[in-house]
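Note sheet for the following structure.
FYI, it's all coordinate maths here, none of it is from the lab. As the structure is a computational prediction, the values presented were derived from the model and not from experiment. Neighbour counts run over all protein chains shown; Cβ positions are idealised from the backbone, glycine included.
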Amino acid sequence: METGMLHLHNILRWVIIVLLLVTIYQAFAKKQAIKSSSLWLMITAHTMLLIGLYQLLLGRYGILNTSLPEGVSLMKSSFFRFYWVEHPLLMFAAIALITVARGRAKVLNYKSAGWLLLSALIFIIVAVPWPFRGESIGRHLFPGM
């Protein structure tokens with residue numbers, strides 16, 4: 001189950017990035033379709049949040065299933081610092097921005113929604129464990145490949 005949840009979490013990353021790009025375009029192009037796309041973006045982001053919380057707490061390296069190796073400080077270990085602190089905080093902030101942007105999109109406040117979504121995209125790009133991040137942090141672009 002852990003592998004399946006990790007793969008789903010990884011696949012949803014691409015869905016969120018595509019929805020974010022579409023919604024950002026709609027915001028800056030002032031299209032009313034932003035109401036629908038921002039709703040789907042918010043639903044996907046909150047689903048991703050729930051899966052991420054499961055991974056953070058109960059996953060293979062979850063806080064409740066894993067203890068830090070003896071003599072290792074949380075903030076000195078790049079692996080645990082990234083997956084237990086940096087990734088969750090940045091992603092939570094990105095999902096909060098997406099949620100606020102959805103509220104702005106409902107009232108067709110395009111400019112504000114666009115900037116909030118752009119900020120969320122930057123947070124997500126920074127917090128994703130891209131393959132070039134190093135051996136301990138980096139993950140494959142597509143699971144199982």
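From the backbone phi of segment 23-34, what are the Karplus-calculated ³J(HN,Hα) couplings (6.51 cos²θ - 1.76 cosθ + 1.60, θ = phi - 60°) in whole Hz, Gly and Pro given as x?
Going residue by residue, I get 5, 5, 4, 5, 5, 7, 8, 6, 9, 6, 5, 4 Hz, with x marking Gly and Pro.
Run the dipole for the chain about the Cα centre, Lys and Arg Cβ at +1, Asp and Glu Cβ at -1, nothing else charged, and hand back the magnitude in debye, nearest 20.
Its charge dipole is roughly 700 debye.
Compute the relative contact order of segment 21-76 as a whole-number percentage, counting only Cα pairs closer than 8 Å that sit 6 or more residues apart in sequence. Provide the component values of the computation, followed by the final result.
On the way: 21 pairs, mean separation 8.5, N = 56.
Relative contact order of segment 21-76: 15 percent.
How much length, in nm to one decimal, is gained on full extension between R139 and I11, taken as 0.36 nm per residue of separation minus their Cα-Cα distance?
Value of the extension gain: 44.9 nm.
Any chance you could check the Cα centroid distance between segment 17-54 and segment 100-120 for me, in angstrom?
Value for the Cα centre distance between the two parts: 10 Å.
If I build a Gaussian network model for the chain, linking alpha-carbon pairs within less than 10 angstrom, which residue out of S67, S112, S38 has the largest mean-square fluctuation?
Of S67, S112, S38, the most mobile in the Gaussian network model is S67.
If I model the chain as equal point scatterers sitting on the Cα atoms and use the Debye formula, what is log10 I(q)/I(0) at q = 0.15, 0.22 Å⁻¹?
With no solvent term, the Cα-only Debye profile gives -0.76, -1.31.
How big is segment 105-145 by the Kirkwood estimate over distinct Cα pairs, in Å?
Averaging 1/r across every pair of different Cα atoms and inverting gives 12.3 Å.
Could you give the length gained by full extension between K76 and V18, i.e. 0.36 nm per residue of separation minus their alpha carbon distance, to one decimal place? Please list the in-between numbers first.
Values: separation 58, 0.36 × 58 = 20.88 nm, distance 3.40 nm.
Result for the pair: 17.5 nm of gain on full extension.
If each residue's Cβ is checked for other Cβ atoms within 10 Å, how do W84, W130 rank with the fewest at the top? Kindly include the intermediate steps, with their values, before the conclusion.
Details: W84 19, W130 14.
Sorted ascending by nearby Cβ count, the order is W130, W84.
Of F82, F132, F28, which has the largest mean-square fluctuation in a 10 Å C-alpha GNM of the chain?
Maximum fluctuation in the GNM of the chain, among the listed residues, is at F132.
Please check which bits of segment 19-41 a label hung off L108 would reach, taking the label as a point 7 Å along Cα-to-C-beta and the cut-off as backbone N under 14 Å.
27, 29-36
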